[in-house]
Amino acid sequence: MPKSQAKPRKVSTPSTSQVFPHHPGSVLSIADLELDDVSSILKAASQLENEDPLKRTKQLFKRRVSLLFYESSTRTRTSFELAAKQLGADTVLVSALSSSIEKGESLKDTGITLRALGAECIILRHSSSGAPYVLSRATGLPILNAGDGMHEHPSQALLDLRTILTHLRGAKAAAPVSDTTLKGVTVTICGDIFHSRVARSNMLLLPRLGAHVLLSGPQALLPDTAASAGPGIAIERDFDRALKQSQIVIMLRIQAERLAGLNLDLDEYKLRYQANAERMAAHAPDALVMHPGPMIRGLEITSEVADGPQSAIAEQVRHGVAVRMALLARALGPASKSGASKGKRK
Amino acid sequence: MKPILIRGGRVVDPSSGIDADRDVLLKDGRVSAIDAPGKLNAAARQDAAEIFDAKGLIVAPGLVDIHVHLREPGQGYKETIASGTAAAAAGGFTAVCAMPNTIPVNDSPDITRWMQSPERGAQIRVFPIAAATRGSMGEALTEYGALKAAGAVGVTDDGKPILGDSIMRQTLVAAARAGLPVIQHAEDTRLTGGCSMNAGALAFRLGLRGMPVEAESGLVERDIRLLAELKDSRAHLHVAHLSTAKALDAVRKARRNGLHVTCEVAPHHFVLNEEAVAEYDTHAKMNPPLRAEADRQAMLEGIIEGAVDSIATDHAPHAAHEKEQEFERSPNGITGLETALGLTMAVLHGKHKLPLSRIIALLSTQPAAVLNLKGRGSLAVGSFADVVIFDPKKHWIFQASASKSKSKNTPFDGWSMLGSVTATISEGRIAYRA
């Protein structure tokens, strides 16, 4: 088992920058990817999407992909599964209920078991932040993080980026990206930032392409420290003011299951932060409205907006399959074309 | 037990102000004589003493760790008193103070005596620290007088801080009357529910709930306020594993005001900062958590200027399967007995040029004084023959797999250390030899 800190190090220099200690095809955090990696993933997504379906099944024909889901999921699970199948891979789904996880089997043992059963790549959804790192250390396999606790959801950030690029660049969506690709673009992320892994992956990715990210939400759901998570991030608690500056708006679900004890007045919340028709018309009539789902219609977003002309929500889901095909091809692909770009940690 | 003459070494004994070449004669479990090189040869011959050649080595009072978890009774799969003290001896320690969060909790004279029984197979001296309240439940005080008579050297509910003002006040009063220090794990647990690392931007980015600095400093400030209100000069508050600049400032201020407040800092809190958590390494998970770089620097400054009394490891062994879990599920704590001297030497002596006498004071003389361990932390004639002999110039690589502890949960596996232990002598008996 590869140890992350096995090399002799000099004391008194607390530091973490080291070579990526995981499988080069893994994506545990969006920060694992250099912009070159992002470019090749976007390119591969377009190629795979446009490829003849029969030929496409040869890409990962009979390769074995496990989906290990400790939390429920509709979009992510289905699109990863469809992506794997469209590339010809065999998939097997293990979910926390109805597996030995219920009997107390550890994540490590579950990973080792899946590997022994022939899994070549594991897609993990887990309720605990950092769980993909445990699985990676235990198995050494390529791990794709499909959402871990409050930490990250990197494939969502990539599909959100593809959605944004499609709207901003049109046909050239798959062209390589650079640190100026989103220069002058302001993206507002609104809602329960604190509990959102989607927010974290997006706020770490988009500024690297030159975007300015505004976070909007009440104190209880958006601590001030969020602005220091990385460069290019600022907090604008006045949602209307944030909207005025934004070309892109990403709405987040109010995670009712996580609100215990927060004492949030939902009527007050809707008044200040709901994406509704009047607000959008007044402050951001041309902005693209996104939402990673699941939505709570009538709470953070109204049906008029979710189903309206500004909405890219269904489109996001569609991009999910293409991006996840690219991630799977990268994870299992011809022994690491991706490995060449040995993903250093940011 | 044969007498031992330690010959040709450089004696560093802050308790008697010696830092010079001296020979040391150990006899009947005590330091029998200490004199200029060669002067004790005749006496040694007369006693048929074993000769220990310490040329080029430091001879110092055995190290004293006032904060360890030996896991016995109850959790022998993590550590036993025998294995923990073997690790301690390998690390140069001749006395360790064992925390009461065992199973059952050490809240009785019986358990206190059980821990010190020869049947436990301790390689060095074990001083139990007893629970301050029954079962460490924070409700009813234990019997401090009887616990002290059984050998307890302090009281604490380590890991379960005493939050209630009234019970903490009672604890301070009763402990002062019994002549025992009150050791507080300063954490306002009302602010740290579900938290697994230091609060701040990194915790946010990692999606982990963070413990604010104020959870520590707030409780230290509260304890100091209670102590000040007592006006009982015998009352002694000792702050365990202090980790924040803010709490250290509170301790400094209390001391300026003449209060009897002491504190300890663990090596990991002056060697590592919260960045070590970045890959969800559970070997970097402990409580108090690794803090921001500014707090790490504050710990170094506090140690160097003398505001910190003691370095203590908070040696907290856990089995591999417990640490190989999701970060939030993994238990807190790391082992520390075999890396304390090597890290302290590398950082404080090697990098920050703290003289050896200060290193020994921080690891031996002062901790012994904090918990009033008579005859420990000193090579003065008549003291216990507790000695560490080490090579202060030797760099070595710590290998967790070679550790004598039952558990290998350390973030320092593969790290370069300075100062390697040649031998540890506990009450005149060689407890460890490299």
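Just so it is clear, none of the values below were taken in a lab; they were calculated from the coordinates. Small disclaimer: the values here were computed from a predicted structure and weren't measured. Counting neighbours? That spans all protein chains shown, and the Cβs are built from the backbone with ideal geometry, glycine included.
Once you have the Cα-Cα distance between A:SER72 and A:HIS167, take 0.36 nm times their residue separation minus that, and quote the gain in nm to one decimal. Each step should come with its number before you reach the end.
Details: separation 95, 0.36 × 95 = 34.20 nm, distance 3.02 nm.
Taking A:SER72 through A:HIS167 to full extension adds about 31.2 nm, to one decimal.
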Using a Förster distance of 30 angstrom, determine the FRET efficiency expected from the C-beta separation of B:ARG45 and B:SER16, and round it to 0.05.
-> 0.75
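Here are some pairs, B:LYS160/B:LYS285; B:LYS55/B:LYS406; B:LYS78/B:LYS285; which of them have Cα atoms lying more than 22 Å apart in this structure? Please list the in-between numbers first.
Numbers: B:LYS160/B:LYS285 17 Å; B:LYS55/B:LYS406 33 Å; B:LYS78/B:LYS285 17 Å.
Table pairs above 22 Å Cα-Cα are B:LYS55/B:LYS406.
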Entries of A:LYS183/B:LYS323; A:LYS62/A:LYS108; A:LYS58/B:LYS323; B:LYS39/B:LYS374; B:LYS148/B:LYS253; B:LYS231/B:LYS374 with Cα pairs more than 32 Å apart | A:LYS183/B:LYS323; A:LYS58/B:LYS323
Which one of B:ARG291, B:ARG252, B:ARG205 has the biggest mean-square fluctuation once chain B is modelled by GNM with Cα springs under 10 Å?
-> B:ARG205
For B:LYS2, put the label point 7 Å out on the Cα→Cβ axis and report which residues of segment B:418-433 keep their amide N under 18 Å from it.
-> B:423-433
Positive-end residue, chain B charge dipole about Cα centroid, Cβ charges, pick of B:ALA48, B:PRO73, B:VAL96 | B:ALA48
Per-residue ellipticity at 222 nm for the protein assembly as shown, helices alone: DSSP H runs ≥ 4 residues times -39500 (n - 2.57), over residue total, nearest 500 deg cm²/dmol?
-> -8500 deg cm²/dmol
A correct fewest-to-most ranking of A:TYR273, B:TYR77 by other Cβ atoms within 10 Å would be B:TYR77, A:TYR273
Residue mean of other protein chain beta carbons inside 10 Å, B:278-291 = 4
Radius of gyration, Dmax [the protein assembly as shown; alpha carbons; angstrom] = 29.9, 102
Compute the FRET efficiency between A:GLN245 and A:VAL92 as 1/(1 + (r/R0)^6), taking r as their Cβ-Cβ distance and R0 = 41 Å, and round to the nearest 0.05.
-> 0.35
Rounded to the nearest Å, what's the spacing between the alpha carbon centres of segment A:94-133 and segment B:7-63? Just the number, please.
-> 59
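Over chain A, calculate the relative contact order: mean separation of alpha carbon pairs under 8 Å at least 6 apart, over the residue count, as a percent.
Numbers: 656 pairs, mean separation 79.0, N = 346.
In percent, rounded to a whole number, it is 23.
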Test item: B:408-414 mean partner chain Cβ contacts at 10 Å = 2
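Of B:VAL347, A:VAL213, how do they rank once you tally other Cβ atoms within 10 Å and put the fewest first?
Details: B:VAL347 19, A:VAL213 28.
Neighbour counts put them in this order, fewest first: B:VAL347, A:VAL213.
Working from the pairwise distances between different alpha carbons, so that the mean of 1/r is found and then inverted, what is segment B:345-434's Kirkwood radius in Å?
On the way: mean 1/r = 0.0681 Å⁻¹.
Its Kirkwood hydrodynamic radius stands at 14.7 Å.
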Given springs between every Cα pair under 10 Å in a Gaussian network model of chain A, which of A:GLU278, A:GLU71, A:GLU49 has the largest fluctuation?
-> A:GLU278
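Report the FRET efficiency, 1/(1 + (r/R0)^6), for B:LYS353 and A:LYS183, where r is their Cβ-Cβ distance and R0 is 35 Å, rounded to 0.05. Intermediate values should be presented prior to the final figure.
On the way: r = 49 Å, r/R0 = 1.40.
The pair B:LYS353/A:LYS183 has a calculated efficiency of 0.10.
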At a temperature of 4 °C and a viscosity of 1.567 mPa s, determine how fast segment B:62-374 diffuses translationally according to Stokes-Einstein, using the Kirkwood radius over alpha-carbon pairs as Rh; express D in µm²/s, rounded to the nearest whole number.
-> 67
Would you give the gap between the C-alpha center of segment A:19-82 and the C-alpha center of segment A:160-192, rounded to a whole Å?
-> 20
Where nothing but the Cβ of Lys and Arg (+1) and of Asp and Glu (-1) is charged, how large is the charge dipole of segment B:138-246 around its Cα centre, in debye to the nearest 20?
-> 120
Which value, in debye to the nearest 20, gives the size of the charge dipole of the protein assembly as shown about its Cα centre, when Lys and Arg are +1 and Asp and Glu are -1 at the Cβ?
-> 1820
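If the only charges are +1 at each Lys and Arg Cβ and -1 at each Asp and Glu Cβ, what is the size of the charge dipole of segment B:62-374 around the Cα centre, to the nearest 20 debye?
Numbers: 31 positive and 36 negative charges, 168 e Å.
In total the dipole reaches around 800 debye.
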Could you line up B:ILE311, B:ILE389, B:ILE34 from fewest to most neighbouring Cβ atoms inside 10 Å?
-> B:ILE34, B:ILE389, B:ILE311
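Tell me the relative contact order for segment B:1-97 as a rounded percent, counting alpha carbon contacts under 8 Å between residues six or more apart. All intermediate terms of the calculation are to be shown ahead of the outcome.
Numbers: 164 pairs, mean separation 26.4, N = 97.
Contact order relative to length: 27 percent.
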Candidates A:ALA314, A:ALA331, A:ALA44: whichever shows maximal mean-square fluctuation once chain A is modelled as a Gaussian network with Cα springs under 10 Å = A:ALA314
Of the residues A:GLY111, A:CYS121, A:LEU28, the Cα lying farthest along the dipole of segment A:27-177 towards its positive end, which is defined by charges on the beta carbon of Lys, Arg, Asp and Glu, belongs to A:CYS121
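Using Cα pairs closer than 8 Å and at least 6 residues apart in sequence, work out the relative contact order for chain B, in percent.
20
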Could you work out the mean count of beta carbons from other protein chains within 10 Å of each residue's beta carbon in A:133-145?
-> 2
